[in-house]
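Note sheet for the following structure.
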Amino acid sequence: MDRELKNLHLNISQLAALSGAHRQTVAARVKNISPAGGHESNLKLYRLTDILAELMKAPLPVDNEEMDPHARKAWYQSERDRLKFEQETGQLVPVSDVRRSFSVVVKAIVQVLETWPDRLERDRGWTASQLNEVQIVVDEIR
């Protein structure tokens, strides 16, 4: 079986299917590997051992504090651009908008809870002891 794995040849579509990555992503990752077979123009085959060796050379993610100043600046700029894009497309909502929206919802719920005992007394004819129990529950919820 070891010999079979060493001699295994895969194309980009097969690698994409195995890894769950997009074909373009796989192609970018194997661009430094010379094909081991297939047709140069259409179907390029890569040895599994070459693929694994190339992936082992990939650098580990670096903490942004360990980056050189230029790379750190580029990373923060890309993050700012990403956040700006997410805000423009509606994927990221400012905190003030979220607070305002939740405030409206909470005020509506509190209004219902505060008027509930009065409505039960008026519409259902509940007694004072029943209303006290309701008020205790409402206070716990609030």
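Read-outs throughout are calculated quantities, based only on the coordinates presented, and are distinct from any laboratory measurement. As the structure is a prediction and not an experimental result, all values here were calculated from the model. Cβ sites come from the backbone with ideal geometry, for glycine too, and all protein chains shown count toward neighbours.
Table for the structure above
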quantity: Segment 14-37 residues near the modelled Leu8 label - backbone nitrogen below 14 Å, point 7 Å along Cα→Cβ; calculated: 14-20
quantity: Relative contact order %, the chain, counting alpha carbon pairs below 8 Å whose residues are six or more apart; calculated: 15 percent
quantity: Length added when fully stretched, Ile136-Glu66, from 0.36 nm per residue minus Cα-Cα; calculated: 19.6 nm
quantity: Folded to 0 to 90 degrees: helix 95-119 orientation relative to the chain principal axis, Cα; calculated: 30 degrees
quantity: Cα-based helix-to-principal-axis angle, 128-141 vs the chain, degrees rounded to 10; calculated: 30 degrees
quantity: Cα centroid separation, segment 78-102 to segment 6-27 (Å); calculated: 36 Å
quantity: Neighbourhood charge, 13 Å Cβ-Cβ cut-off, centred on Glu88 and excluding it, Lys, Arg +1 and Asp, Glu -1; calculated: +1
quantity: The chain: angle of helix 48-57 to the longest principal axis, Cα-based, in degrees nearest 10; calculated: 60 degrees
